[in-house]
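S.K.: The structure's right below; bear with me while I get my questions together.
The values are calculated or read from the model by the stated rules, or taken from the named source; none is laboratory data. Quantities reported herein were computed from a predicted structural model and do not represent experimental measurements. Cβ placement follows ideal geometry from the backbone for every residue including glycine, while neighbour counts extend to all protein chains displayed.
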Amino acid sequence: MRDKVIEFATKQIESAQQGVPQIESFFDKPTNTVSYVVHDPVTKRAAIIDSVLDYDPASGRTNTGSADAILEYLSEHGLVVEWLMETHAHADHLSAAPYIQKKLGGKIAIGEHITTVQNVFGKLFNAGSEFQRDGSDFDVLWKDGDQFQIGDLDVTVLHVPGHTPACIAYVIGDAVFVGDTMFMPDYGTARADFPGGDARTLFRSLRRILSLPPTTRLFMCHDYLPKDRSEYVWQTTVAEQRAHNIHAHDGISEDEFVAMREARDATLAMPTLILPSVQVNMRAGHMPPADDNGVTYLKIPVNAV
């Protein structure tokens, strides 16, 4: 069956000027997260992808050091923020999108299936009627195949579920920001055991991304530094992933992948920040409403995850 969205994304990549857009990465070592500033060098319009709000789970305190480094870069380069883009509702860090939006503007955007995540976790956290589960906390909800621009840069949205139901990848010029679908070839692929995750669906999303042109630049959302590597890296290509990804290289069948992924996931602990992160990120990075004493609380459900 033809995948018209992938065909359109392929044409976009093939027609894009090589090396455009301009991309700056920001690595947050405590959460192993890579945030990106992506900009059009002609118009100086920019997007921020997967920003991080620093959070100390022991004290419950936040700080904006990681986000402020992005703000400084934007100021130094005279960039105007149009978009604050999330690849999914992260389980390993809190989003800094509202903080950056308050400083610089821009629209907060995520995939339309965030409503599925909101329904599942809204119940888990007993969020109450004040929490709307319709995606309205976000400014824009993308669906598969949506197209928009960052300045004069063409962007195509790919729905790539499996890790979560709401995962999307952004094809920007000749580059793809893959979120948590995959990691560097020597680390493999994302887990698929979160609520709404599915290993078979993840495999199909991976093959979808890997059907793009071989030279397509791929940018990861995380790097966990495998034991045989001494430096963090987060950029690769479709060709490198197809040849060397330890979980999903060419020749791995769907059934083989599912068996591997499900067995591996059964051994993994929950991410350290999953409970604080998801209840914030399902609200587009906003904290839950303060109690009547003026204090904001994050809930930790006991024996529920």
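S.K.: Does residue 151 qualify as being surrounded by 22 or more Cβ atoms within 10 Å (Cβ to Cβ) and not aliphatic (A, V, I, L, M)?
M.R.: no
S.K.: Let me ask another. Would you check if residue 272 is part of a loop (DSSP other than H, G, I, E, B), without any contact (Cβ under 8 Å) to a residue 40 or more places away in the chain, farther than 19 Å from residue 169 by Cβ and hydroxyl-bearing (Ser, Thr, Tyr)?
M.R.: Taking the combined requirement at face value, the residue does not satisfy it.
S.K.: Then there is this: Which of the residues spanning the stretch 143-166 are of a type in the set (A, V, I, L, M, F, W, C), within 13 Å of the chain's Cα centre (by Cα) and assigned to a strand (DSSP E or B)?
M.R.: If the condition is that a residue be of a type in the set (A, V, I, L, M, F, W, C), within 13 Å of the chain's Cα centre (by Cα) and assigned to a strand (DSSP E or B), then 157, 158 are the ones that fit.
S.K.: Take the stretch 216-234 and flag every residue that is in a loop (DSSP other than H, G, I, E, B), among the hydrophobic types (A, V, I, L, M, F, W, C) and either surrounded by fewer than 21 Cβ atoms within 10 Å (Cβ to Cβ) or without any contact (Cβ under 8 Å) to a residue 60 or more places away in the chain (or both).
M.R.: 225, 233, 234
S.K.: If you check residue 185 against the conditions, is it closer than 21 Å to residue 257 by Cα and modelled with pLDDT under 95?
M.R.: It is false that residue 185 is closer than 21 Å to residue 257 by Cα and modelled with pLDDT under 95.
S.K.: For the stretch 50-141, which fully contained helices (runs of 4 or more DSSP H) count at least 3 residues that are within 23 Å of residue 27 (Cβ to Cβ) and in contact with a strand residue (DSSP E or B) (Cβ under 8 Å, 6 or more places away or on another chain)? Talk me through it step by step, then tell me what you get.
M.R.: On the way: elements: 65-76, 97-104, 114-124.
Those helices (runs of 4 or more DSSP H) span 65-76, 97-104.
S.K.: Could you grab me the full set of residues in the stretch 10-39 that are in a loop (DSSP other than H, G, I, E, B), in contact with a strand residue (DSSP E or B) (Cβ under 9 Å, 6 or more places away or on another chain) and over 17 Å from residue 219 (Cα atoms)?
M.R.: 30
S.K.: Only one of (1) modelled with pLDDT of 95 or more; (2) surrounded by fewer than 24 Cβ atoms within 10 Å (Cβ to Cβ); (3) at positive phi is not met by residue 140, so which one is it?
M.R.: Checking residue 140 against (1) modelled with pLDDT of 95 or more; (2) surrounded by fewer than 24 Cβ atoms within 10 Å (Cβ to Cβ); (3) at positive phi, the one that fails is (3).
S.K.: Can you find a residue that is assigned to a loop (DSSP other than H, G, I, E, B) and within 30 Å of residue 302 (Cα to Cα) anywhere in the stretch 239-253?
M.R.: no
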